[in-house]
Amino acid sequence: MGENKISEAFRPPALPLLEEEFTGTLTALLPDELLQFILIHLDFLTLCKAAKSVCRRWRELSMDRDVIKNCFFTALNDSAHSYLEEVQKRKEASRLTHNKRAKIDDTDFFIKILKADFRLKAPQFIPCPQVLKLHSEDADVFGMISMCIEGDEILTGSAGKSIRIWEISSGKLKQKLCGHLCGVSVIKATDEKIISGSFDETLRIWDRKSGKELKQLIEQTGSPSCLQVECEKIYSGSYDGTLRVWDLESGIELKKFENNCSITCMQVFDKKVYVGFHDGTIGIFDSESEVEPKIFKDFDVSASSILATSNKIIVGYKNGFLSVLDKNLGNRLTLLNGHNNHVSFLNLYNGKIISGSKDRTIRIWDEETGEEIKVLKVSVEFFFLISLQIIEGRIYAGFNDNKILIWDFNAP
């Protein structure tokens, strides 16, 4: 009898008492650091739908900066790359001004871009596009034939030979640059310079701040059809089939590849130049060695847009098809069918292909599966599509009647 009383006195509390004390879940026993480690392995949608609804503690930890930052860098490669470039610019600006850089909490920015990505992937979510009209007293109707967005500015090239710089927020003209003798067919920009190509068969380099022309590069035999600036080099493709590489600072021609067919599209990726030709041929050129280019063909129609990734090439054609090709062998992996006219522009954004076509649609596709996610339709009041970019969850489509359509996936 005495032994029974002793054993009762030393019996440990039953497990149900522990569960009741900790509100019915053993995860309440976990320290914040361990729970945070678990949450870091969840995607953003799971964090929002499941983790936040468990309890207040989970809700607070699921919005912790490190958890959100990990979601951002794991899921959104392109946005993460742009973010790191911006952070580097902040550091450089701080170094040049000798000011101590204050630590910036970018959690709200990460959440905004993650939410925009979720809306981009949601087939049922299609925002109403905003119309930005570029205002200029002397702007020709239908004058805009090339466009790019860099930072908080829109840069356009016109059929009337000029380059214009506009405020992206208001569409007001900031500056007008003159020098080309014919229409400005291609335009790109860096933080400090503007690079333009014209039907006058020249490329020109301008100081972005002052608008002063710095250099003139002669294409010699053909007008530039494609232009890209990468790693302090200018890459230009021309209608006469010539591909050139120039040094951005000096303007010296570094490399030249000659072909017998017009170059219709081009992209630089990992020190290689991916080129599409009018006859449907695709070429891969090494800009830093004498290796023979790889040449292959998937369609006998003009290649009108091209993208390269680490293992694939995505080509848009005149017939409306998008072909996903193996980068090494050139064989077709997937055919995306939805457009019925020229696929003029391609963007790759956080695992999604965004294509713009003369059929008056912009389509968003899943890069991995090739599934069409959604279609953005363009009204007949807008004319010829001349540019397509996606920046921080906004799709900008420029038209040659001096209007820009903006689909904003940041707004609910």
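The values are calculated or read from the model by the stated rules, or taken from the named source; none is laboratory data. Remember, predicted model here, so these are calculated numbers, not experimental data. Cβ: placed from backbone, ideal geometry, glycine included. Neighbour counts: every protein chain shown.
Go through the range 164-173 and give me each residue that's of a type outside the set (Phe, Trp, Tyr) and surrounded by 14 or more Cβ atoms within 10 Å (Cβ to Cβ). Selection gives Arg164, Ile165, Glu167, Ile168, Gly171, Leu173.
What pairs can you find where one residue is in the range 32-45 and assigned to a loop (DSSP other than H, G, I, E, B), the other is at pLDDT below 80 and surrounded by 12 or more Cβ atoms within 10 Å (Cβ to Cβ), and their Cβ atoms are less than 9 Å apart, with a gap of 6+ or different chains? Between residues of the range 32-45 that are assigned to a loop (DSSP other than H, G, I, E, B) and residues that are at pLDDT below 80 and surrounded by 12 or more Cβ atoms within 10 Å (Cβ to Cβ), the close pairs are Leu42/Ala50; Leu42/Ala51. Only a single item in (1) among the aliphatic types (A, V, I, L, M); (2) surrounded by 16 or more Cβ atoms within 10 Å (Cβ to Cβ); (3) not in a strand (DSSP E or B) is not met by Ile373, and it is number (3). Annotation note: of Lys209, Lys255, the sole residue that is basic (Lys, Arg), over 16 Å from Cys148 (Cβ atoms) and not in a strand (DSSP E or B) is Lys209.
Among the residues making up the range 316-337, those that are over 12 Å from Trp365 (Cβ atoms) and part of a strand (DSSP E or B) are Tyr317, Ser323, Leu325, Asp326, Arg332, Leu333. Residues that are among the polar types (S, T, N, Q), crowded, with 16+ Cβ neighbours inside 10 Å and more than 25 Å from the chain's Cα centre (by Cα) were ranked within the range 244-280; the one that is nearest to Leu346 (Cα to Cα) is Ser262. For the range 110-150, the tally of residues that are within 30 Å of Ile195 (Cβ to Cβ), modelled with pLDDT of 90 or more and either in a strand (DSSP E or B) or not aliphatic (A, V, I, L, M) (or both) stands at 11.
Looking across the range 59-88, the residues that are surrounded by fewer than 19 Cβ atoms within 10 Å (Cβ to Cβ), touching a helix residue (DSSP H, G or I) at 6+ places or on another chain (Cβ under 8 Å) and not acidic (Asp, Glu) come down to Arg59, Met63, Arg65, Lys69, Phe73, Ala75, Ala80.
Go over the candidates Leu173, Leu181 one by one and state the one that is at pLDDT below 95, in a loop (DSSP other than H, G, I, E, B) and not acidic (Asp, Glu).
Leu181
Can you find even one residue in the range 210-230 that is farther than 17 Å from His180 by Cα and of a type in the set (A, V, I, L, M)? The answer is yes; a qualifying residue exists.
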